[in-house]
Amino acid sequence: MKYLHLVWASLFRRKTRTVLTLVSIIAAFLLFGLLDAVRTSFAQAGQSANGAERLQTGSKLSFIQTLPKSLQQQMEQVPGVKAVTHANWFGGAYQDPHNQVFSFAVAPNYLDLYPEVAVSPAERKAFEETRTGALVGEQLARRFNWKVGDKVPLQSTIFPDRNGSKNWSFEIAGILHATDKKSGGFFDQMFLLHWTYFDETTPYNRGTVGWYVTRVADVNQADRVAKAIDALSANSDHETRTLTEQAATASWMKQLADIGLIVGSIMGAVFFTLLLLSGNTMMQAVRERTNELAVLKTIGFSNVSVLAMVLAESLLLLLIGGVIGLALASLIIPAVSAGSGGMLNLPVVGADSWVLGIGLMVLIGLMVGALPASSAMRLNIVDALAGR
């Protein structure tokens, strides 16, 4: 660009103001990159199960709808299924309702399907032999200062016992350690209790399970296995939907809230605020340079040239901040996915997100620069030099 040096000098004439505006733009597009990854993750959920070692089967109607336990025997006969286990949501809180604990009632073979989680053989045996036994994640144990042998009271937010009380008591039999933090890190926060004890104690379960977890023999056949499992209960009163674990989590979230609407609303508010902030910056910048713009016109710059320079300044401001923001999002997203312990599988900022992001940068840049550029183009040389 022929006049890039002039545009650059004008942009950084007030360095503090420009830097602060850039920080706001960077933050806006960093948030855009993260939220767009969430949106893309939810949009892609359930498209294909191939490549997944484990599948999760729940009710097609709602994640709170339970399934008959007898379904497990049928699932185990499906070709390609290596092992099947089941679990129920317990929903416990410790001491205070705000101290929510990720607690699940699980089958005896539940941990066999999660090799990325370790517990010592002695503690595993103690858990199996203790009716009220529980296995807790190491971070959860550290959080509440629990140790093996402690008797822990939990208040279920959903299930009462047969006496109508929601106060349950458990004995910690062992500590769970995630050997692979990337895929099993969420187990560090989990509280596992016996499904049999749960089923026999609460009158509201009556031999049903919340969901099944299936380990497939061949990850390339996972999609076929998922369809075969769902075919077992087709046209019944307990139709199922089998997904990957990440897709199942996304499905649960979709039933709780419209993720697309939430993401869209947040981004709309962010970009509207950015539009006002950047517009104010450009208006002030052009107002301060009224005399300089008049001089440029005096020495031969056309109205179109002045218009283009102001628009280029606005576009450059948005492009610098936006590219840095999306680049930061590209670096942060893998760390967020790894830190979730396998619960989140956010895609990297791909070509589609970059195209959309750059399109937004250009659109906002043009909108922000349109008014000050138009004023600069219509500027009367005599009036400007006279200070009118």
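When the accessible area of region 132-250 is split by element with a 1.4 Å probe, what percent falls to carbon and sulfur?
For region 132-250, the apolar C and S fraction of the accessible surface comes to 47 percent.
At 0.36 nm per residue, and after removing the present C-alpha to C-alpha distance, how many nm does the segment from SER169 to ASP96 gain when stretched out fully?
Gain on extension, SER169 to ASP96, equals 24.8 nm.
Which net charge results for the neighbourhood of TYR114, defined as the other residues with beta-carbon distances under 11 angstrom from its beta-carbon, given Lys and Arg at +1 and Asp and Glu at -1?
It works out to a net charge of -3.
Region 85-196: Rg/Rh from Cα coordinates, Kirkwood Rh?
Reported Rg/Rh, Kirkwood definition of Rh: 0.94.
Could you quote the convex hull projected area for region 65-110, Cα atoms only and averaged over all directions, in nm²?
Here the figure is 4.4 nm², rounded to one decimal.
In what sequence, largest accessible area first, do GLU53, GLU313 appear using a 1.4 Å probe?
GLU53, GLU313
For ARG206 and ARG162 in one chain, what is 0.36 nm times their gap in residues minus the Cα-Cα distance, to one decimal in nm?
14.7 nm
Under a plain spin-label model, where a point goes 7 Å from the Cα along Cα-to-Cβ, how far apart in nm are ILE324 and ALA27?
1.4
Need one number: nm distance between label points at ARG224 and THR298, each 7 Å from Cα along Cα→Cβ, rounded to one decimal.
Between ARG224 and THR298, the simple spin-label model gives 8.2 nm.
Roll a 1.4 Å probe over the protein chains and send me the accessible area per residue for region 130-217 in Å².
With the other protein chains kept in place, region 130-217 gives 45 Å² per residue.
Points 7 angstrom from Cα along the Cβ direction at HIS238 and THR130: gap in nanometres?
3.1
The values are calculated or read from the model by the stated rules, or taken from the named source; none is laboratory data. Here the structure is a predicted model, which means the values were calculated and not measured. As a convention, Cβ positions derive from the backbone with ideal geometry for all residues, glycine included, and neighbour counts pool all protein chains shown. Note: accessible area is taken over every heavy atom of the protein model, side chains too, but ligands, DNA and RNA are not part of it. Shrake-Rupley method; radii C 1.70, N 1.55, O 1.52, S 1.80 Å.
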